[in-house]
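Before any comments, here is the structure.
The values are calculated or read from the model by the stated rules, or taken from the named source; none is laboratory data. Everything quoted here is computed from the prediction, not taken from an experiment. As a convention, Cβ positions derive from the backbone with ideal geometry for all residues, glycine included, and neighbour counts pool all protein chains shown. Side chains are part of the model used for accessible areas, which takes the heavy atoms of the whole protein and leaves out ligands, DNA and RNA. Shrake-Rupley method; radii C 1.70, N 1.55, O 1.52, S 1.80 Å.
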Amino acid sequence: LERRWFGGDAYSKSIGAALNWRVPLGARTQGEIGLSRARQTIDPNPNQSGWVTSADLALTRALGPDTMVRGAFHLGWLDAKTRPDSLSQWGADLLVTRRFAGFSLFGQAGYSSTRGRGIIFLFGERRRDRRIDLSAGVILNRVKLGGFAPLLRVMHSDSQADIVLYDYKRTRLHIGFPR
């Protein structure tokens with residue numbers, strides 16, 4: 001069950017199920033398979049409402065006692081009420097983490113491709129975009145605030161799309177306190 005708000009107003013709700021299975025593939029490697037399906041309702045635009053389905057495959061490997069790498073592949077589909085709002089997506093990403101005395105560093109790179117299933121009337125074409133996501137950050141393990149450690153992360157996204165609504169570049173700074 002999921003509920004999202006945007007600008008203080010109700011935006012969407014979903015109900016569905018997910019299945020994740022992790023399996024050890026050796027002393028330093030594990031695989032993961034995930035499947036999910038949910039019925040999503042978009043409050044401001046019911047035409048975007050529909051079934052969201054995803055499948056994920058990941059492989060994680062410890063390269064040493066303090067270094068880990070994870071590769072993942074994702075597939076997703078939105079079967080919306082109207083064909084122009086329906087889409088399919090695939091993507092892959094790579095994450096590398098390294099723990100040092102007092103802090104951990106991580107970097108992630110990802111690529112995704114989204115394809116619309118119908119022509120968007122306003123633009124006269126289907127959605128087609130390619131996005132690259134890059135992020136890097138640090139977790140300050142020795143600095144604790146109620147059991148939480150500060151996290152600083154810089155994220156950059158570059159979406160190249162045929163339709164101007166999905167064509168953008170964005171850089172963000174996240175500051176958080178994970179446990």
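Per-peptide packing, taken as the mean over residues of other Cβ atoms within 10 Å, places 131-137, 22-28, 163-169 in the sequence 131-137, 163-169, 22-28 from highest down. Here the gap between Arg22 and Tyr168, fully extended at 0.36 nm per residue and compared with their Cα-Cα distance, gives a gain of 49.0 nm. Note on the stretch 61-101: Cα Rg divided by 2.2 N^0.38 Å, N the number of residues, gives 1.93. Compute the label zone of Lys13 within the stretch 57-96: residues whose backbone N is under 19 Å from the point 7 Å along Cα-to-Cβ. Taking a point 7 Å out along Cα→Cβ of Lys13, the residues of the stretch 57-96 whose backbone N falls under 19 Å are 81. Once neighbouring chains are kept in place and the probe is 1.4 Å, which whole percent of the accessible area of the stretch 102-163 is contributed by carbon and sulfur? That share works out to 63 percent.
Using a simple spin-label model with pseudo-atoms 7 Å out from Cα toward Cβ, Ile120 and Asn141 lie 4.4 nm apart.
Expressed in Å, the radius of gyration and Dmax of the Cα atoms of the stretch 26-179 are 18.9, 56.
With the Kirkwood sum run over all distinct C-alpha pairs, the stretch 108-179 has a hydrodynamic radius of 14.5 Å.
The distance between label points at Ser113 and Thr41 comes to 3.6 nm (points 7 Å beyond Cα on the Cα→Cβ vector).
Solvent-accessible surface of the chain, averaged per residue with a 1.4 angstrom probe and all protein chains in place: 65 square angstrom. Report the FRET efficiency, 1/(1 + (r/R0)^6), for Lys81 and Leu1, where r is their Cβ-Cβ distance and R0 is 25 Å, rounded to 0.05. So the FRET efficiency works out to roughly 0.75.
In summary, the stretch 77-121 shows an alpha-carbon radius of gyration equal to 1.92 times the 2.2 N^0.38 Å reference for compact globular proteins.
If you take the alpha carbon atoms of the stretch 1-66 and fit the smallest convex hull around them, that volume is 120 Å³ per residue.
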